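K.L.:
Attaching a single structure in structure tokens format; questions to follow.
The values are calculated or read from the model by the stated rules, or taken from the named source; none is laboratory data. The structure displayed is predicted, hence computed values, not measured ones. Please note: Cβ atoms are built from the backbone with ideal geometry, for glycine as well, and neighbour counts cover all protein chains shown.
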Amino acid sequence: MSEVQSPRRHRVVIVGSGFGGLFAAKELKRADAEVTVISRTAYHLFQPLLYQVATGVLSAGEVAPATREVLARQKNTRVLLGDVTAVDIERRVVTSRVAQRVTETPYDSLIVTAGSGQSYFGNEGFALYAPGMKSIDDALELRARIFGAFEMAELSSDPEEVRRLTTFVIVGAGATGVEMAGQIAELAHRTLRRDFRNIDPARSRILLLDGAPRILPAFREKTAEKAAARLKKIGVEIRTGAMVADMDGTSVTVRHEDGSVERVEASFKMWAAGVAASPLARMLGELAGADVDKAGRVAVNDDLTLPGHPEIFIVGDMAQLDLPGVAQVAIQGGKYAARTVKARLKGKELGKPFHYFDKGNLATVSRFSAVAEIGKLNFSGFIGWALWLGVHLVYLTGFKNRVTTLVHWTVSFVGRGRSERVITEQQEIGRVALAVLGAERDRLPGISATTPAAGGDAPDPEVRPVR
Ligand SMILES: Cc1cc2nc3c(=O)[nH]c(=O)nc-3n(C[C@H](O)[C@H](O)[C@H](O)COP(=O)(O)OP(=O)(O)OC[C@H]3O[C@@H](n4cnc5c(N)ncnc54)[C@H](O)[C@@H]3O)c2cc1C
């Protein structure tokens with residue numbers, strides 16, 4: 001007696017649970033396919049609000065809900081924790097790792113949205129002294145370093161040391177650098193004003209450095225000028241045409257346009273100056289013989305597919321498109337890739353190239369003040385801020401997060417408080433300690449919930465289909 005076999009469902013693997021990955025997965029909700037999201041983080045990170053985690057306004061959970069909770073009702077989708085280390089584009093298999101557990105996941109369609117990381121432009125040693133801001137860990141480390149600097153200053157009786165501890169240097173004057181500088185100024189001049197006895201936080205120095213001739217290069221010149229004026233008003237010193245030549249634990253050496261060199265005594269440094277695409281972009285580019293640019297982004301066809309591989313889509317920060325590295329490019333790209341897969345499942349092609357619809361550009365400068373560009377229109381001050389608030393609430397994932405975020409914004413912007421001022425030793429030294437441990441970290445017993453297999457199991461057999 002022969003058994004009737006039902007045909008296997010189409011397998012879509014999505015690498016990454018950021019903007020591109022999450023929106024691609026959601027778009028596939030009703031698709032007749034098995035969808036697997038593989039990500040090195042168990043959460044979906046809303047990067048545009050990381051600076052508020054770093055400055056004590058929001059909690060980590062508010063900007064990073066668990067991906068499996070967000071997708072819990074989506075029955076055709078499963079979520080796997082794993083760092084994708086290889087893609088076999090001939091066998092169509094993705095290999096991922098968590099500690100020593102290796103998982104192989106086969107695919108019929110692959111959507112790769114692994115985003116980008118920090119680039120120190122070849123000065124990797126700077127990372128030790130100047131964390132970037134790309135992850136929750138980074139934001140918590142920055143928070144510990146900012147609040148910790150004020151605590152250490154309070155203990156000091158040496159005015160020079162106090163000055164060094166309360167000098168905050170932010171390298172890179174794009175939106176992230178501007179937002180961080182604005183928030184640290186608010187902390188120093190408003191939030192912490194009455195909290196210390198030995199030091200006056202309002203005497204802190206906040207320096208925003210950039211090698212470019214002006215701040216906010218992604219915005220129009222007039223908009224950037226308004227943001228610069230507001231920053232100066234709240235006490236931020238802006239140095240443009242200023243390149244970081246060196247740094248150590250207590251200082252930054254800056255080379256100015258005129259060739260002069262300045263050494264700034266500062267314990268706190270933050271790097272917001274450059275990005276590099278996930279190394280997966282280069283890896284896929286080399287496998288497919290596709291071009292990879294200086295920022296590590298791989299060339300794609302106009303339907304976001306990898307040249308020669310119509311079944312592989314590259315979305316968001318990893319793709320070499322003549323577009324900015326912003327959330328909307330990833331969101332729209334993720335949706336487009338998913339729609340293409342859905343059309344193919346019906347035996348059709350979408351038949352139109354990826355087209356990006358620019359919804360505008362926003363950056364907050366301080367409480368009740370932001371700059372916004374929507375089409376030809378410019379907004380600044382309170383109207384810009386109201387727009388910023390609305391847009392961020394709409395795009396924040398989950399109703400619960402929207403409500404608690406609104407409460408925390410009221411506490412911080414209407415009042416003076418910061419709800420998230422807890423700092424721990426782990427936050428402050430964890431990243432550097434893990435880097436020192438290197439491969440040894442995988443041998444630590446049960447080091448964290450995100451490394452469930454620490455201890456060394458045999459590689460997993462092929463991941464089984466979703467039911
Ligand atoms: C601090 C900051 C502020 C920003 N502010 C704004 C803003 O105000 N407006 C705006 O539009 N854009 C902003 N951006 C840019 C925006 O966040 C990115 O353009 C967007 O997140 C890109 O989406 P993506 O899906 O390509 O990558 P991401 O959202 O970065 O997602 C990448 C995903 O891939 C996972 N991953 C990475 N490597 C691997 C691997 N090897 N294996 C498995 N998983 C992997 C990550 O864990 C993550 O889940 C900001 C970025 C930062 C860092």
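K.L.:
Please go through segment 388-401 and give me each residue that is in a loop (DSSP other than H, G, I, E, B) and of a type in the set (S, T, N, Q), ordered by number. Walk me through it before giving the result.
P.N.:
As a first pass, look at segment 388-401 and keep what is in a loop (DSSP other than H, G, I, E, B): 396-398.
Passing the criteria: only 397.
K.L.:
Evaluate segment 246-269: report whether one residue or more is within 30 Å of residue 112 (Cβ to Cβ) and not in a helix (DSSP H, G or I).
P.N.:
The first filter runs over segment 246-269 and keeps only residues within 30 Å of residue 112 (Cβ to Cβ), leaving none.
No - not one qualifying residue is present in segment 246-269.
K.L.:
So, in segment 180-200, of the ones that are away from the ligand (no atom under 14 Å from the Cβ) and part of a helix (DSSP H, G or I), which residue ends up nearest to the chain's Cα centre (by Cα)? Spell out the reasoning first.
P.N.:
Here is the first cut: in segment 180-200, the residues away from the ligand (no atom under 14 Å from the Cβ) are 184-200.
Still in the list and also part of a helix (DSSP H, G or I): 184-191.
Details: 184: 19, 185: 22, 186: 23, 187: 22, 188: 25, 189: 27, 190: 27, 191: 26 Å.
Residue satisfying both the conditions and the ranking: 184.
K.L.:
Which condition breaks for residue 267 when tested against (1) without any contact (Cβ under 8 Å) to a residue 12 or more places away in the chain; (2) in the same structural domain as residue 142 (by TED's automatic domain parsing); (3) farther than 22 Å from residue 212 by Cα?
P.N.:
(1)
K.L.:
Go over the candidates 298, 391 one by one and state the one that is within 21 Å of the chain's Cα centre (by Cα), touching a residue at least 12 places away in the same chain (Cβ under 8 Å) and not assigned by TED's automatic domain parsing to the domain that holds residue 173. Quick ask: steps written out before the conclusion?
P.N.:
Details: 391 fails: not assigned by TED's automatic domain parsing to the domain that holds residue 173.
Only one candidate passes the filter, namely 298.
K.L.:
Please go through segment 151-179 and give me each residue that is part of a helix (DSSP H, G or I) and surrounded by fewer than 20 Cβ atoms within 10 Å (Cβ to Cβ), ordered by number. Full working, then the answer.
P.N.:
Initial filter on segment 151-179 (part of a helix (DSSP H, G or I)): 151-155, 159-165, 175-179.
151, 152, 154, 155, 159, 160, 161, 163 - these are the residues of segment 151-179 that are part of a helix (DSSP H, G or I) and surrounded by fewer than 20 Cβ atoms within 10 Å (Cβ to Cβ).
K.L.:
Can you tell me how many residues within segment 323-357 are of a type in the set (D, E, K, R) and under 20 Å from the mean Cα position of the chain (by Cα)?
P.N.:
Here is the first cut: in segment 323-357, the residues of a type in the set (D, E, K, R) are 335, 339, 342, 344, 346, 348-349, 352.
With the extra rule that they be under 20 Å from the mean Cα position of the chain (by Cα), the set shrinks to 335.
Counting residues in segment 323-357 that are of a type in the set (D, E, K, R) and under 20 Å from the mean Cα position of the chain (by Cα) gives 1.
K.L.:
In segment 229-244, which residues are in contact (Cβ under 8 Å) with a residue 40 or more places away in the chain and of a type in the set (A, V, I, L, M)?
P.N.:
Hits for segment 229-244 are 231, 234, 236, 238, 244.
K.L.:
Within segment 271-288, track down each residue that is over 19 Å from the mean Cα position of the chain (by Cα) and in contact (Cβ under 8 Å) with a residue 24 or more places away in the chain. Quick ask: steps written out before the conclusion?
P.N.:
Taking segment 271-288 and keeping what is over 19 Å from the mean Cα position of the chain (by Cα), we get 282-288.
Result: 283, 284, 287, 288.
K.L.:
Might you let me know whether segment 391-399 holds any residue that is in contact with a strand residue (DSSP E or B) (Cβ under 7 Å, 6 or more places away or on another chain), among the hydrophobic types (A, V, I, L, M, F, W, C) and surrounded by 14 or more Cβ atoms within 10 Å (Cβ to Cβ)? Reasoning before the result, please.
P.N.:
Of the residues in segment 391-399, the ones in contact with a strand residue (DSSP E or B) (Cβ under 7 Å, 6 or more places away or on another chain) are 391.
From what is left, the residues that are among the hydrophobic types (A, V, I, L, M, F, W, C) are 391.
The next check asks that each one be surrounded by 14 or more Cβ atoms within 10 Å (Cβ to Cβ); those that pass are 391.
Yes: one or more hits.
K.L.:
Only one of these is β-branched (Val, Ile, Thr), within 22 Å of the chain's Cα centre (by Cα) and at pLDDT below 90: 411, 432, 436. Name it. Before you say what the answer is, go through the steps one by one.
P.N.:
Details: 411 fails: within 22 Å of the chain's Cα centre (by Cα); 436 fails: within 22 Å of the chain's Cα centre (by Cα).
None of the other options fit; the residue is 432.
K.L.:
Mind telling me which of the residues 214, 230 ends up being in the same structural domain as residue 174 (by TED's automatic domain parsing), under 27 Å from the mean Cα position of the chain (by Cα) and in a loop (DSSP other than H, G, I, E, B)? Even if it seems obvious, please write down each step before you answer.
P.N.:
On the way: 230 fails: in a loop (DSSP other than H, G, I, E, B).
Unique residue meeting the criteria: 214.
K.L.:
Same structure, new question: Could you look through segment 236-281, keep only residues that are among the basic types (Lys, Arg) and within 11 Å of residue 169 (Cα to Cα), and pick out the one that is farthest from the ligand (Cβ to nearest atom)? Step through it out loud before you land on a result.
P.N.:
Taking segment 236-281 and keeping what is among the basic types (Lys, Arg), we get 239, 255, 263, 269.
Among the residues that remain, those that are also within 11 Å of residue 169 (Cα to Cα) are: 239, 269.
On the way: 239: 21, 269: 16 Å.
Among them, the one singled out is 239.
K.L.:
Could you grab the pairs with beta carbons closer than 6 Å, sequence gap of 6+ or different chains, first residue in segment 100-119 and more than 30 Å from residue 273 (Cβ to Cβ), second one modelled with pLDDT under 95 and not aliphatic (A, V, I, L, M)?
P.N.:
Close Cβ pairs (under 6 Å, with a partner that is modelled with pLDDT under 95 and not aliphatic (A, V, I, L, M)) amount to 100/442; 100/456; 101/457; 102/459; 103/460; 104/462.
K.L.:
Inspect all residues belonging to segment 324-346 and state whether any of them is within 17 Å of residue 24 (Cα to Cα), touching a Pro at 6+ places or on another chain (Cβ under 7 Å) and either more than 12 Å from the ligand (Cβ to nearest atom) or polar (S, T, N, Q) (or both).
P.N.:
no
K.L.:
Here is a follow-up. Looking at segment 42-70 only, could you name the residues that are in contact with a Leu (Cβ under 8 Å, 6 or more places away or on another chain) and either more than 27 Å from residue 415 (Cα to Cα) or without any contact (Cβ under 8 Å) to a residue 40 or more places away in the chain (or both)?
P.N.:
Within segment 42-70, the first condition is being in contact with a Leu (Cβ under 8 Å, 6 or more places away or on another chain), and the residues that meet it are 42, 44, 46, 49, 52-56, 58, 60, 62-64, 67, 70.
Hits for segment 42-70 are 42, 44, 67, 70.
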